[in-house]
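See structure below.
The values are calculated or read from the model by the stated rules, or taken from the named source; none is laboratory data. Keep in mind that this is a model prediction, so the values were computed, not measured. Cβ placement follows ideal geometry from the backbone for every residue including glycine, while neighbour counts extend to all protein chains displayed. Quick note on the areas: whole protein, heavy atoms, side chains included, nothing else; ligands and nucleic acids left out. Shrake-Rupley method; radii C 1.70, N 1.55, O 1.52, S 1.80 Å.
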Amino acid sequence: MSSSTGTTTVITNIATLVTNDPSLGDSPLGLIRDAAVVIEGDRVVWTGESSKAPATDNRVDAGGRAVLPGFVDSHSHLVFAGDRTEEFNARMSGRGYTAGGIRTTVAATRAATDGELEANLTRFLSEALRQGTTTFETKSGYGLTVADEARALRLAAAHTDEVTYLGAHIVSPDYADDPAGYVALVTGEMLDACAPHARWIDVFCEKGAFDGDQARAILTAGRAKGLHPRIHANQLSYGPGVQLAVELDAASADHCTHLTDADVDALASGDTVATLLPGAEFSTRAEWPNARRLLDAGVTVALSTDCNPGSSFTSSVPFCIALAVRDMGMTPDEAVWSATAGGAAALRRTDVGRVAPGARADLTLLDAPSHVHLAYRPGVPLVSGVWRRGVRVV
């Protein structure tokens, strides 16, 4: 199977192939046993049983291991400087800590050079790639000035198409006494500077950050500039975030820890994905989101890392899968689906998060015979190969 567009490669002798192709029947994962995948250029062109694989230019033997779609990490905050080791240590040691939280990171990020921020970003990206993440979203939100927010997005846009403007992370310390003035900046001059570099707009809708009316104004202004909404919603307390997300057709409502029945009903009736971020609960000893309740109601659920220096400093999707299975009521199949196809849905993408003809050839090879090992063997580096856009990168 050779063609004018490029060489073809078959990956064969796959014990279990997760396709996320529902037409294949048995489960939403669309599992194929003793499988093969054919890649041409940057696309998947064939999947099926190994014995039926067409002839190709190149052959890779998976050695009886599992292959699944590359992970789609649809929520991260990777453009920052400094860390918050002391804050984490105090929290885990039961000591009071009064330093500035997000403000600490804002100060370090503003002081960093472009080169320092980009070096940090690429280090986290290569770390995530080694753990099977082939598509990632990342946000601004640690600059909180026009120049620093635009700079963060410009740097991020050099590395991913999924860039989110989060000028409304918290009220900037410079506007501590004038939150309305900061909302005006976020929806005005800052938005104008940031929109050319972003696809999405986000807001932290929470007590101590932005209320429902402010969040609606921010997301509506972004939408008028061609940015699509996402929202940090219902993480620390009950609030209007989830229902606002559904009302505005946000691609995802992220965290979803504190939900009323009306919130769950709203998510089930709309197209907004509930993105769960168990790394945040793990790293803050907070209450776990109830994934089972959402899934049983028919809500589309994504699983992501929320990689950030304050509340979830992990880039490991496999770790988050293990947490979701152990502590959030998900089955191993559901967690793997949510970290691949679910993440793609949260980014409104159909070209990633699945292994099917026409999809991007983003694949993760596990040193295990089944995807279930991601939850069954927590903390073990099981990812032994990664292809991104058809090229083996790990």
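Out of everything in region 171-185 that is closer than 15 Å to Ile102 by Cβ and surrounded by 19 or more Cβ atoms within 10 Å (Cβ to Cβ), what residue ends up being modelled with the highest pLDDT?
Checked region 171-185; the qualifying residue modelled with the highest pLDDT is Tyr182.
Quick test of your reading of the structure: Arg377 fulfils all but one of (1) in contact with a helix residue (DSSP H, G or I) (Cβ under 8 Å, 6 or more places away or on another chain); (2) without any contact (Cβ under 8 Å) to a residue 24 or more places away in the chain. Name the failing condition by number.
The one condition Arg377 does not meet is (1).
Name the single residue that is least open to solvent (accessible area, probe 1.4 Å) among those in region 375-394 being under 20 Å from the mean Cα position of the chain (by Cα) and on the phi > 0 side of the Ramachandran plot.
Gly379
Quick check, is Ala356 among the aliphatic types (A, V, I, L, M), in contact (Cβ under 8 Å) with a residue 40 or more places away in the chain, open to solvent by 20 Å² or more (accessible area, probe 1.4 Å) and touching a Ser or Thr at 6+ places or on another chain (Cβ under 6 Å)?
The answer is no for Ala356.
Count, please, the residues in region 65-91 that happen to be surrounded by fewer than 24 Cβ atoms within 10 Å (Cβ to Cβ), in contact (Cβ under 8 Å) with a residue 12 or more places away in the chain and not in a loop (DSSP other than H, G, I, E, B).
Summing the residues that are surrounded by fewer than 24 Cβ atoms within 10 Å (Cβ to Cβ), in contact (Cβ under 8 Å) with a residue 12 or more places away in the chain and not in a loop (DSSP other than H, G, I, E, B) in region 65-91 gives 5.
Would you check if Ala158 is more than 24 Å from Trp200 (Cα to Cα), open to solvent by 30 Å² or more (accessible area, probe 1.4 Å) and out of contact with any strand residue (DSSP E or B) (no Cβ under 6 Å at 6 or more places or on another chain)?
It is false that Ala158 is more than 24 Å from Trp200 (Cα to Cα), open to solvent by 30 Å² or more (accessible area, probe 1.4 Å) and out of contact with any strand residue (DSSP E or B) (no Cβ under 6 Å at 6 or more places or on another chain).
Residues of region 268-305 being of a type in the set (Val, Ile, Thr) and in a strand (DSSP E or B), which ones?
Answer for region 268-305, where residues must be of a type in the set (Val, Ile, Thr) and in a strand (DSSP E or B): Val273, Thr275, Val301.
All but one of (1) without any contact (Cβ under 8 Å) to a residue 24 or more places away in the chain; (2) within 17 Å of Gly132 (Cβ to Cβ) hold for Leu303; which doesn't?
Of the numbered conditions (1) without any contact (Cβ under 8 Å) to a residue 24 or more places away in the chain; (2) within 17 Å of Gly132 (Cβ to Cβ), the odd one out for Leu303 is (1).
Going through region 113-151 one residue at a time, which ones are of a type outside the set (A, V, I, L, M), within 25 Å of Val336 (Cα to Cα) and crowded, with 18+ Cβ neighbours inside 10 Å?
Residues satisfying the conditions are Phe124, Gln131, Gly132, Thr133, Thr134, Thr135, Phe136, Glu137, Thr138, Lys139.
Of all residues in region 334-379, which are assigned to a helix (DSSP H, G or I) and hydrophobic (A, V, I, L, M, F, W, C)?
Ala335, Val336, Trp337, Ala339, Ala341, Ala344, Ala345, Ala346, Leu374, Ala375
Does any residue in region 121-140 that is within 16 Å of Ala152 (Cβ to Cβ) come within less than 8 Å, Cβ to Cβ, of a residue that is at pLDDT below 95 and open to solvent by 10 Å² or more (accessible area, probe 1.4 Å) six or more places away or on a different chain, and which pairs are these?
If the second residue must be at pLDDT below 95 and open to solvent by 10 Å² or more (accessible area, probe 1.4 Å), no pairs are left.
I'd like the residue in region 23-45 that is outside any helix (DSSP H, G or I) and out of contact with any strand residue (DSSP E or B) (no Cβ under 8 Å at 6 or more places or on another chain) and, out of all such residues, is surrounded by the most Cβ atoms within 10 Å (Cβ to Cβ).
Leu29
Is it fair to say Leu323 is in contact with a helix residue (DSSP H, G or I) (Cβ under 9 Å, 6 or more places away or on another chain), under 30 Å from Thr105 (Cα atoms) and open to solvent by 10 Å² or more (accessible area, probe 1.4 Å)?
When the stated conditions are applied, Leu323 passes them.
With (1) at positive phi; (2) assigned to a loop (DSSP other than H, G, I, E, B); (3) surrounded by fewer than 23 Cβ atoms within 10 Å (Cβ to Cβ) as the list, and Asn20 as the residue in question, which single condition is left unmet?
(3)
Within the set of pairs 6 or more residues apart or between chains, which connect a residue that is touching a residue at least 24 places away in the same chain (Cβ under 8 Å) inside region 146-168 to a residue that is open to solvent by 30 Å² or more (accessible area, probe 1.4 Å) and not in a helix (DSSP H, G or I) with Cβ atoms less than 7 Å apart?
Every condition considered, the pairs that remain are Asp161/Arg199; Glu162/Arg199; Val163/Arg199.
For region 306-329, give me each residue that is of a type outside the set (Ser, Thr, Tyr), part of a loop (DSSP other than H, G, I, E, B) and in contact (Cβ under 8 Å) with a residue 60 or more places away in the chain.
Within region 306-329, Asp306, Pro309, Gly310, Phe313 qualify.
So, restricting to strands (runs of 3 or more DSSP E) that lie completely within region 129-243, which ones have at least 2 residues that are farther than 18 Å from Thr109 by Cα and under 18 Å from the mean Cα position of the chain (by Cα)?
Values: elements: 133-139, 162-168, 200-205, 231-233.
In region 129-243, the matching strands (runs of 3 or more DSSP E) lie at 133-139, 200-205, 231-233.
Give all pairs with beta carbons closer than 9 Å in which a residue from region 287-298 that is without any contact (Cβ under 8 Å) to a residue 12 or more places away in the chain meets a residue that is open to solvent by 70 Å² or more (accessible area, probe 1.4 Å) and not aliphatic (A, V, I, L, M); count only pairs at least 6 apart in sequence or on separate chains.
From region 287-298, no pairs qualify.
Restricting to region 265-297, count the residues that are open to solvent by less than 10 Å² (accessible area, probe 1.4 Å), closer than 16 Å to Gly239 by Cα and aliphatic (A, V, I, L, M).
2
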